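Here is the structure we will look at.
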Amino acid sequence: MKIAVLTGSPRKNGNSAYLAEQFIKGAEEKGHEVFRFDCAFKQVEPCRACNRCGMNGPCLFNDDFQELRPHLIDADMVVFATPMYYFSIPAQMKRVIDRFYAINGQIKDTPKKSALLMTYADTSRKEADPMLAHYHTLMDYLGWTSVGEVVASGVWTAGSVRNTDYPQQAYLLGKSL
Ligand SMILES: Cc1cc2nc3c(=O)[nH]c(=O)nc-3n(C[C@H](O)[C@H](O)[C@H](O)COP(=O)(O)O)c2cc1C
């Protein structure tokens with residue numbers, strides 16, 4: 001499979017980046033081809049709603065989204081590896097998702113798989129509900145099938161996820177594909 005992994009954190013050695021690394025390790029060991037796009041380190045303009053693309057065409061902006069665009073279209077699977085910011089997807093990743101608009105016609109109702117690897121500081125599982133609802137609603141809309149979710153709670157400082165078994169869950173998810 002061709003797998004596109006989007007990361008959302010501005011912390012290079014943070015928790016969600018480590019889950020992404022472990023997922024990629026498992027997936028590559030199984031022979032899958034992975035393309036990683038670190039949203040927080042790319043120049044991607046927020047969608048301006050000019051509608052020039054008509055949800056299926058060239059975008060007004062010629063920025064780093066162009067790098068991701070063909071990989072998203074070709075991907076058999078898309079993975080979102082991200083921290084939670086104020087009960088939601090951080091702006092760094094959301095502005096990339098909003099740019100899906102220009103390729104909506106090419107990615108919606110395609111038989112893609114997806115996964116979510118998320119990290120947050122609170123220890124209550126309930127706090128993850130809004131972000132999980134967002135993810136599931138988006139996957140339902142796109143017609144993609146979620147094949148796994150690693151919901152890593154109770155991790156605050158960069159790297160603290162290494163002391164939990166969530167990295168192993170992410171690795172096994174990649175390995176199971
Ligand atoms: C701007 C910001 C907002 C955050 N909002 C939340 C939140 O709503 N709930 C929570 O439990 N943790 C919150 N956190 C903590 C992060 O989700 C947590 O530290 C996470 O493990 C960071 O992942 P990373 O290391 O991949 O960046 C927030 C952190 C930042 C910087």
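Residues in the range 99-131 that are of a type outside the set (Gly, Ala, Ser), within 16 Å of the ligand (Cβ to nearest atom) and assigned to a helix (DSSP H, G or I): ARG125, LYS126, GLU127, ASP129, PRO130, MET131.
Per-residue answers, yes or no, for (1) in contact with a Ser or Thr (Cβ under 6 Å, 6 or more places away or on another chain); (2) of a type in the set (Lys, Arg); (3) under 30 Å from SER160 (Cβ atoms):
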residue	(1), (2), (3)
LEU19	no, no, yes
GLY26	no, no, yes
LEU60	no, no, no
ARG99	no, yes, no
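Here is the figure for the range 14-35: residues that are crowded, with 17+ Cβ neighbours inside 10 Å and either assigned to a helix (DSSP H, G or I) or within 15 Å of the ligand (Cβ to nearest atom) (or both) total 13.
ARG95 meets each of the listed conditions (1) farther than 26 Å from GLY26 by Cα; (2) within 16 Å of the ligand (Cβ to nearest atom); (3) out of contact with any helix residue (DSSP H, G or I) (no Cβ under 8 Å at 6 or more places or on another chain) apart from (3).
Per the listing ARG52, ARG99, ARG95, ARG36, the residue uniquely without any contact (Cβ under 8 Å) to a residue 60 or more places away in the chain and over 14 Å from the mean Cα position of the chain (by Cα) is ARG52.
Readers should treat all values here as calculations from the given coordinates under stated rules, not as data from a laboratory. Keep in mind the model is a prediction, meaning the values are calculated, not measured. All Cβ positions, glycine included, derive from the backbone under ideal geometry; neighbour counts span all protein chains shown.
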